[in-house]
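First up is the structure itself, then whatever we jot down about it.
The values are calculated or read from the model by the stated rules, or taken from the named source; none is laboratory data. Note that the structure is a prediction, hence the values are computed from the model and not measured. As a convention, Cβ positions derive from the backbone with ideal geometry for all residues, glycine included, and neighbour counts pool all protein chains shown. Calculation scope for accessible area: heavy atoms of the full protein, side chains included, ligands and nucleic acids excluded. Shrake-Rupley method; radii C 1.70, N 1.55, O 1.52, S 1.80 Å.
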Amino acid sequence: IDKSGKEVIKPDKYDDLGNFSDGLASVKLNRKYGFIDKSGKEVVKPKFDYASEFSDGLALVKLDGKWGFIDKSGKEVIKPKYDRSEGYSDGLACVKLDGKYGYIDKSGNEVIKPKYDYAISFKEGLAKVTFDGKESFIDKSGKEVSKLKIGEQPDDSRKFSDGLAKVKLNGKCGFVDEAGKEVIKPKYDEAGDFSDGLAKVKIGDNYGFIDKTGK
């Protein structure tokens, strides 16, 4: 509906509707995904097994078990060939090919070739990767910026936020900076990411907030 409550796109055609992003919304019909514009016109016919929202002119799609990206006309900018992929973050997308993780740019060029055992998306110019059982942070050129201490485990959702990243050691949460230096010692049972200079933490049954010095 529009802001006056007028029904703009009828609900009787599609099995499901996504949110509008970059002027298009995903639609689902007979288990296939496509896209419509704000007039309800099918811009991309439903043919994909999955489709994400558009971001910066590209949408992540799945076809025949493989992942790739299309533009707003439905053209395959990056042909579905990856075993797994995430959306773009910091201009790069994390992809998995033949069991290894790497990163591609928006033209599909492999900026960092798939060689890692595991990797997550870039944030604030850094990404966490695993190689030969050791975890470290790399920059967008693939250069290793810092290593984690033995036993430190970043959770899969953890990325840099406000210049700090959450790590776990012996079941306790703390934070490291972009050089891998331990800024806040792991002593919390739970911890959230930093936002506006503060992070939520938990000790026992109690929650509170800390600043970036750990105070």
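Brief remarks follow.
- Near Asn30: Cβ cut-off under 15 Å, other residues only, Lys/Arg at +1 and Asp/Glu at -1. The net charge is +1.
- Region 70-142: equivalent-ellipsoid semi-axes (sqrt of 5 x gyration tensor eigenvalues, Cα, Å): 22, 14, 9
- Basic side chains Lys and Arg get +1 at the Cβ, acidic Asp and Glu get -1 at the Cβ, and with that the dipole of the chain about its Cα centre reaches some 280 debye.
- Highest-fluctuation residue, Leu164, Leu92, Leu29 considered, GNM on the chain with Cα pairs under 10 Å: Leu29
- Net charge of Cβ neighbours under 9 Å - reference Glu190; Lys, Arg +1; Asp, Glu -1: +1
- Against the empirical curve 2.2 N^0.38 Å, the C-alpha radius of gyration of region 4-152 lands at a ratio of 1.22.
- Segment Asp189-Glu42, extension gain: residue separation times 0.36 nm, minus the distance between their alpha carbons: 48.0 nm
- For the pair Glu53 and Arg84, a Förster radius of 22 Å applied to the C-beta separation gives a FRET efficiency near 0.75, rounded to the nearest 0.05.
- Largest to smallest accessible area among Lys181, Lys62 [probe 1.4 Å]: Lys181, Lys62
- Modelled spin labels at Lys200 and Ser4, positioned 7 Å past Cα toward Cβ, are 4.1 nm from each other.
- Which of Arg84, Arg31 is most accessible, then next, and so on - probe 1.4 Å: Arg31, Arg84
- Asp71 versus Lys172: modelled label distance in nm, points set 7 Å from Cα along the beta carbon direction: 5.4
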